[in-house]
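Chemist: The structure that follows is given in the form of structure tokens.
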Amino acid sequence: MALLNILQYPDERLHTVAQPVAEIDERIQILVKDMFETMYESRGIGLAATQVDVHERVVVIDLTEDKSEPRVFINPVIIEKEGKTTYEEGCLSVPGIYDTVTRAERVKVEALDEKGEKFTLEADGLLAICIQHELDHLMGKVFVEHLSQLKQNRIKTKLKKRQKHNL
Ligand code: QAP
Ligand code: CO
């Protein structure tokens, strides 16, 4: 297993649109394992392949404290959305920054699991928010892009300063 490097906003590679996974082979299974290890190590609840500079439609999510409910979404598509909800979101690619985003309250998602089996999931609550946040990453969108341009500029300046400082 291996820890992967997480791209930090405003890295332009976070705006890459991911391609569908063509075949769920050993390479994808290793990627999924490494993404879980990386997410758990940084105490996240969701990670998209885009964030580790792999531009294929792979997402991992585990909302639990004890790593007991790992969920894999390969080639996920949201097929239904309902309602509206707001949540104070964060992101492993935007460390230390949290702000309120409005999204659908419930989603129905179709995807493949790590064995290539197709499944459909109806989600609400935090899981629905996390699925939408991670699928945004696969489309090259970071949660701060739901905020005002003024807030985006402030966050960019803050993170660039911090990254320079840590060189
Ligand atoms: C996306 O976010 C998400 O700033 C997953 O210092 C967020 O795992 C979905 C994290 C909110 C739904 C609701 C962020 C860890 C983790 C940080 C994360 C940090 C350390 C964020
Ligand atoms: Co994120």
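FYI, it's all coordinate maths here, none of it is from the lab. Model, not experiment: these values are computed from the prediction. A quick note on method: Cβ atoms are made from the backbone with ideal geometry, for glycine too, and the neighbour counts reach across all protein chains shown.
Chemist: Using the per-residue mean of other Cβ atoms lying within 10 Å as a proxy for protection, in what order, highest first, do the peptides 116-125, 32-41 fall? Walk me through the numbers on the way to the answer.
Modeler: Working: 116-125: 12.8, 32-41: 18.2.
Result, highest mean first: 32-41, 116-125.
Chemist: Based on the Cβ-Cβ distance of residue 3 and residue 124, what FRET efficiency does E = 1/(1 + (r/R0)^6) give at R0 = 30 Å, to the nearest 0.05?
Modeler: Working: r = 32 Å, r/R0 = 1.06.
Efficiency, rounded to the nearest 0.05: 0.40.
Chemist: Run the quick spin-label model on residue 98 and residue 158: label points 7 Å from Cα toward the beta carbon, then report their separation in nm to one decimal.
Modeler: That separation, rounded to one decimal, is 1.2 nm.
Chemist: For the stretch 75-167, compute Rh as the Kirkwood radius over C-alpha pairs and then the Stokes-Einstein diffusion coefficient at 20 °C and 1.002 mPa s; write the answer in µm²/s, rounded to an integer. Mind showing how you got there, number by number?
Modeler: Values: Rh = 14.7 Å.
Diffusion coefficient, whole number: 146 µm²/s.
Chemist: Here's something else I'd like to know. Pairwise over distinct Cα atoms, reciprocal of the mean inverse distance: report the Kirkwood radius of the stretch 70-109 in Å, one decimal place.
Modeler: Working: mean 1/r = 0.0828 Å⁻¹.
With all distinct Cα pairs of the stretch 70-109 included, I get 12.1 Å.
Chemist: Going 7 Å from the Cα of residue 84 toward and past its Cβ, which residues in the stretch 92-122 have a backbone nitrogen under 19 Å from where you end up?
Modeler: 99-108, by backbone N distance to the label point.
Chemist: Tell me the relative contact order for the stretch 12-166 as a rounded percent, counting alpha carbon contacts under 8 Å between residues six or more apart.
Modeler: On the way: 260 pairs, mean separation 36.5, N = 155.
About 24 percent, as a whole number.
Chemist: R0 = 35 Å: FRET efficiency of residue 141 with residue 65, Cβ-based, nearest 0.05?
Modeler: So the FRET efficiency works out to roughly 0.80.
Chemist: What shape does the stretch 33-121 have by the C-alpha gyration tensor, where a ≥ b ≥ c are the square roots of the eigenvalues, rounded means a/c under 1.5, and otherwise prolate means a/b greater than b/c and oblate the rest? Could you put the intermediate results ahead of the total?
Modeler: Details: a/c = 1.60, a/b = 1.02, b/c = 1.57.
Oblate.
Chemist: While we're here: What's the whole-number percent of alpha carbon pairs in the chain lying beyond 24 angstrom? Before the final figure, lay out each step's value.
Modeler: Details: 4453 of 13861 pairs.
Beyond 24 Å sits 32 percent of the P(r) for the chain.
Chemist: List the lysines whose alpha-carbon lies under 23 Å from that of residue 158, not counting same-chain residues fewer than 8 positions away?
Modeler: Filter leaves 141.
Chemist: So for each of 46-54, 80-88 I average, over its residues, the number of other beta carbons within 10 Å; can you give me the resulting order with the highest mean first?
Modeler: Numbers: 46-54: 23.3, 80-88: 12.6.
Going from most to least packed, we get 46-54, 80-88.
Chemist: If each residue of separation counts as 0.36 nm, what is the full-extension length gain between residue 26 and residue 108 once their alpha-carbon separation is subtracted?
Modeler: Net length gain for the segment: 26.7 nm.
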